[in-house]
Amino acid sequence: MDINIRNAVIHNVSGNTQDQLRDTIVDAIQRGEEKLLPGLGVLFEVIWQNADEQEQKTMLDTLEQGLK
């Protein structure tokens, strides 16, 4: 079975409110399950692709600080 993770994740959260999206992200992080990491990656990809250059720099600054 060939599953397109990107399409599945996007389909599952399309139309969700900000609160629902936050709950999805927080739940995935709190569970700490490896199988949820690809879904978080897809959500980050959507954020990154829809961010302007300044927003991307802010994300990179935040990431860099968080990894120190």
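Taking the beta-carbon count within 10 Å as an exposure proxy, list Lys35, Lys68 from fewest neighbours to most.
Values: Lys35 8, Lys68 4.
In increasing order of surrounding Cβ atoms, one gets Lys68, Lys35.
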In nanometres, what is the gap between the two model label sites at Lys35 and Lys68, each 7 Å from Cα along Cα-to-Cβ? 3.8
Size-normalised alpha-carbon gyration radius of segment 5-66, reference 2.2 N^0.38 Å: 1.18
Karplus (6.51, -1.76, 1.60) ³J(HN,Hα), θ = phi - 60°, over segment 22-35, in Hz, Gly and Pro reported as x: 4, 4, 4, 5, 4, 4, 4, 5, 5, 5, x, 7, 4, 5
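Using the count of nearby Cβ atoms within 10 Å as a rough guide to exposure, how do Asp23, Asp52 rank from fewest to most?
Fewest-to-most ranking of Asp23, Asp52: Asp52, Asp23.
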Tell me the angle of helix 37-49 to the major Cα principal axis of the chain, expressed in degrees between 0 and 90 and rounded to the nearest ten. 50
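We did not get these values from a lab; they are worked out from the coordinates using the rules stated. This structure is a prediction, so every number in the text was calculated from the model and none was measured. Methodologically, a virtual Cβ is constructed for each residue, glycine included, from the backbone with ideal geometry; neighbour enumeration extends over all protein chains shown.
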